[in-house]
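Asker: I am attaching a structure below and will ask some questions about it afterwards.
The values are calculated or read from the model by the stated rules, or taken from the named source; none is laboratory data. Everything quoted here is computed from the prediction, not taken from an experiment. Virtual Cβ from ideal backbone geometry, glycine too; neighbours counted across all protein chains shown. Just the protein is used for accessible areas: all its heavy atoms, side chains included, with ligands, DNA and RNA removed. Shrake-Rupley method; radii C 1.70, N 1.55, O 1.52, S 1.80 Å.
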Amino acid sequence: MADLKRLYRELVSLEIELWNGIQERLRAEYDLPLTSFEVLHMLSRRPGPRIQDIAEEFSITVGGTSKVVDRLEAAGLCERRANPNDRRSSIVELTPGGRKLVAGALKVFEDELELRIGSVISERSVSEVTAVLGTLRAAGRALDAERKAAGQTPVPGARALKQPGRPAS
């Protein structure tokens, strides 16, 4: 029988250790928390999202997303502009300083991924693990949707973007 509890512990521990290792480098080299990098990186790939779009991308609450964007905006890394398609919302865009920061931080992020994953397992293994994890995530989302539709509990709600194992800041 498969040891699902061991797999769970390994996945969670890996996620925490990977998060902490990458965040440590980003903080040391750019004074940038990984949560902030993730949002900045998303903005660099997908210009002009609304707060709602960012929240959906990371499966977090709109309130938690607003707090992250508020901090990034206060630091001059992004700005909100009126949404030309919906006067009730705004879009978020990187500033020139934000684009410059994310470009440098992306190199650190990619280097750390290479050190922690790419140099340890083959490209084929990366593809296989990625596919398996995608399958597990899709199945979990389908289960959650099915339970929600049936009115069953507990149904995991959106969580605040945070460092694993630590409260959102």
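Asker: What fraction, in whole percent, of alpha-carbon pairs in the chain exceed 24 Å separation?
Answerer: Of all Cα-Cα pairs in the chain, 46 percent lie more than 24 Å apart.
Asker: Given springs between every Cα pair under 10 Å in a Gaussian network model of the chain, which of SER59, SER127, SER44 has the largest fluctuation?
Answerer: With Cα springs under 10 Å in the chain, the top fluctuation among SER59, SER127, SER44 is at SER127.
Asker: Tell me, how many Å apart are the Cα centres for region 108-157 and for region 8-48?
Answerer: Taking the Cα centre of each part, region 108-157 and region 8-48 sit 16 Å apart.
Asker: While we're on this one: Give the accessible surface of the chain per residue, rounded to a whole number of Å², with probe radius 1.4 Å and ligands, DNA and RNA excluded.
Answerer: Here the residues of the chain average 67 Å² of exposed surface.
Asker: Compute the relative contact order of the chain as a whole-number percentage, counting only Cα pairs closer than 8 Å that sit 6 or more residues apart in sequence.
Answerer: 26 percent.
Asker: Something else: Spelling out what I want: for every residue of region 3-13, take phi, set θ = phi - 60°, compute 6.51 cos²θ - 1.76 cosθ + 1.60 (Karplus), and round to whole Hz; glycine and proline get x.
Answerer: 8, 5, 5, 5, 4, 4, 4, 5, 4, 5, 4
Asker: Hey, another quick one. Using a 1.4 Å probe over the heavy atoms of the protein chains, calculate the carbon and sulfur portion of the accessible area of region 99-153 as a whole percent.
Answerer: Exposed carbon and sulfur together represent 59 percent of the surface.
Asker: Relative contact order for region 1-72: what is it in percent, counting Cα pairs under 8 Å that are at least 6 residues apart?
Answerer: After rounding, I find 18 percent.
Asker: Restricting to Cα atoms and excluding each atom paired with itself, what does the Kirkwood estimate give for region 1-101 in Å?
Answerer: Hydrodynamic radius (Kirkwood, Cα pairs) of region 1-101 is 15.1 Å.
Asker: Just want the answer: with Cβ charges of +1 for Lys and Arg and -1 for Asp and Glu, which residue in PHE109, LEU94, GLY134 is farthest toward the dipole's positive end in the chain?
Answerer: LEU94
Asker: With +1 on each Lys and Arg Cβ and -1 on each Asp and Glu Cβ, how big is the dipole of the chain about its Cα centre, in debye rounded to the nearest 20?
Answerer: 540 debye
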